[in-house]
Amino acid sequence: MSLSRKLVASTALALSTLVLCPTIARADVRTEARRHFRSGMALLESGDIETGVRELEAAYRLMPHPNVLFNIARAYYDAGNYVQAILYYERYLAGGPPDREAVRQVVDTLRGQMERQMAMAYSSDEEQGRADTAKGGTAELTVTPEVIQAIRNASAQFEEIARVTHSEPLLEQAKTLEELAIVLNSGAPRPAAQ
């Protein structure tokens with residue numbers, strides 16, 4: 001084989017390798033994403049939501065596809081984690097899917113459920129406090145840095161839920177809890193119960 005033919009052959013081989021390598025790499029990524037997706041769906045099916053979602057998120061990082069976001073949202077919905085479900089449904093909706101109206105209705109329903117649950121939990125706490133007072137007892141709370149941090153954490157959770165649900169009452173509750181944490185932290189006397 002002449003030198004020019006060897007040069008042409010080696011150049012053609014080099015070019016074909018360059019052209020095929022990205023295709024092979026993409027196929028490997030696609031295969032890996034598919035493996036994570038299947039594993040995640042199997043884990044969700046078996047009830048292991050946390051690990052299943054991690055697998056789906058790994059699949060999404062490798063090959064972003066809106067249906068993966070939908071599946072993650074659905075897993076959180078089925079597990080009763082409505083905040084995460086709403087967040088993932090919103091990410092899914094940002095892609096403009098063809099079923100956006102149906103998914104928007106699911107999100108609106110979830111927001112309503114969350115608001116009802118929070119209202120019920122809040123009223124149950126108030127009723128328990130009234131029942132304790134009626135029995136002649138008072139709720140004693142030792143104010144420690146851990147208690148103040150717990151109040152701040154609750155405030156942040158209320159604020160996150162309020163942001164997701166667009167709920168003014170929950171946002172007000174978050175502000176009230178943060179103000180309580182500030183008062184307790186300063187050592188100022190607590191306002192009298194009404």
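What follows draws every value from the coordinates through simple rules; no lab data is involved. Keep in mind that what you see is a predicted model, and the values were worked out from it rather than measured. Neighbour counts run over all protein chains shown; Cβ positions are idealised from the backbone, glycine included.
Between residue 116 and residue 46, the modelled labels are 3.5 nm apart [label points 7 Å from Cα along Cα→Cβ].
Once the C-beta distance of residue 166 and residue 99 is scaled by a Förster radius of 25 Å, the resulting FRET efficiency is 0.70 to the nearest 0.05.
Inter-label distance, residue 176 to residue 54: 3.8 nm, where each label sits 7 Å from its Cα along the C-beta direction. Using the Cβ of residue 48 as centre and a radius below 12 Å, the other residues enclosed give a net charge of -2, where K and R count +1 and D and E count -1. The distance between label points at residue 34 and residue 144 comes to 5.4 nm (points 7 Å beyond Cα on the Cα→Cβ vector).
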